[in-house]
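S.K.: For reference, the structure I am asking about is given below.
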Amino acid sequence: MATTTTTTTATTTTTMKGGKVTGLGEVTGVAEANGVATPHVLAVDDSSVDRALIAGVLRSSKYRVTAVDSGKKALELLDLEPNVNMIITDYCMPEMTGYDLLKKVKESSELREIPVAIMSSEKVKAREDSCMKEGAVAFLKKPVQRNEVWSLCHRWLR
Amino acid sequence: MEVSRLQRRFFKIFGGVDGKGFLDAQFTELQHLQDENNPNFVSEVVSLFFEDSERLLNELSRTLDQQIVDFRKVDAHVHQLKGSSASIGAQRVKNVCLAFRSCCDENNLEGCLGCLQQVRQECYLVKNKLDALFRLEQQILAAGGAVPIMSKD
């Protein structure tokens, strides 16, 4: 099986490189298998633990994952890397919340088609409603479970 | 024989009488994400948690030591610690964080200081528990056995 592994460099503080947490700011995955591009998921969370966890879940499903620690870095990456197929972001982050990031993505003509899922440690109805109204495809309670993420990705990444 | 003995010890530390609820089903989720491509996933995520918790505990100590305590700042740090402890299944740490947040809501300095002491202790205890588990894992693997994956029930 022909595969291509690419390195996505982002100014992150947590990495998963070939399955190993290195702290160097890169996430790799198999970019292609048999000439078919692997879906690329951008994970956004200011918690290094939660970034590692969501990256681990996504990698176990063989997706290519890039993890960044802020909404600002997510937008910088989206500017550089056009082929992001899904964004999974924490809600509660300093400076730019996941909701703010969601709004920015949905306001952009280049980015608005990318499905965005929100993760939150608190399932507050008002928070969930506002995210879904803004166009989020899911609102997941943290810690996220494998089966929830798999269902989500299976639905939105074909 | 040796493998069975080690695996029994593993179960005892993880979830038996000795377990005392240190780790919940979320830890099992981490174990399920560990495979031949990511053989050290659990220990790596746990290491991140202890780096993070040390930083947060130091921040909490500093913040609570101020002349005028900013309880919103304290709460923000506790919220982070609660989140990351929940993510690795450190349920006793998480539970103390819940109580800690209540003290923050009440601007209860004495309560917060008590909770800080308690959460430090719980982090120390779960670290010891996990260190023992990881040592046992290595012994089980060296003896040719497989690391037990705990049931989520």
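Derivation of every value follows stated rules applied to the coordinates shown; laboratory data play no part. Computed from a prediction, not measured in an experiment: that's the story for all the values here. Heads up, the Cβs are rebuilt from the backbone with ideal geometry, glycines too, and the neighbour counts pull from every protein chain shown.
S.K.: Return the residue satisfying two criteria in turn: it lies in the stretch A:78-101 and is of a type in the set (Ser, Thr, Tyr) and in a loop (DSSP other than H, G, I, E, B), and of such residues it is surrounded by the fewest Cβ atoms within 10 Å (Cβ to Cβ).
M.R.: A:97
S.K.: Could you grab me the full set of residues in the stretch A:116-158 that are in contact with a helix residue (DSSP H, G or I) (Cβ under 8 Å, 6 or more places away or on another chain) and among the charged types (D, E, K, R)?
M.R.: Selection gives A:127, A:134, A:142, A:146.
S.K.: If you don't mind, there's one more thing I want to ask. What's the number of the only condition in (1) outside any loop (DSSP other than H, G, I, E, B); (2) within 19 Å of residue B:7 (Cα to Cα); (3) in contact (Cβ under 8 Å) with a residue 40 or more places away in the chain; (4) not small (Gly, Ala, Ser) that residue B:141 fails to meet?
M.R.: Answer for residue B:141: the failing condition is (3).
S.K.: Could you grab me the full set of residues in the stretch B:34-52 that are at the interface with another protein chain (Cβ under 9 Å from one of its Cβ atoms), crowded, with 18+ Cβ neighbours inside 10 Å and farther than 10 Å from residue A:49 by Cα?
M.R.: Those that are at the interface with another protein chain (Cβ under 9 Å from one of its Cβ atoms), crowded, with 18+ Cβ neighbours inside 10 Å and farther than 10 Å from residue A:49 by Cα: B:34, B:38, B:41.
S.K.: Failed condition for residue A:49, given (1) surrounded by 18 or more Cβ atoms within 10 Å (Cβ to Cβ); (2) more than 14 Å from every other protein chain (Cβ to nearest Cβ); (3) under 26 Å from residue B:34 (Cα atoms); (4) over 14 Å from the mean Cα position of the chain (by Cα), with all others met?
M.R.: (2)
S.K.: Okay, moving on. Keeping to the stretch A:128-148, report how many residues are within 14 Å of residue A:92 (Cβ to Cβ) and more than 14 Å from chain B (Cβ to nearest Cβ).
M.R.: Number of matching residues: 4.
Each row is one residue, and each column tells you yes or no for (1) more than 10 Å from chain A (Cβ to nearest Cβ); (2) touching a residue at least 12 places away in the same chain (Cβ under 8 Å); (3) closer than 20 Å to residue B:138 by Cβ.
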position	(1), (2), (3)
B:30	no, yes, yes
B:63	yes, yes, no
B:86	no, yes, no
B:96	yes, yes, no
B:107	yes, yes, no
B:110	yes, no, no
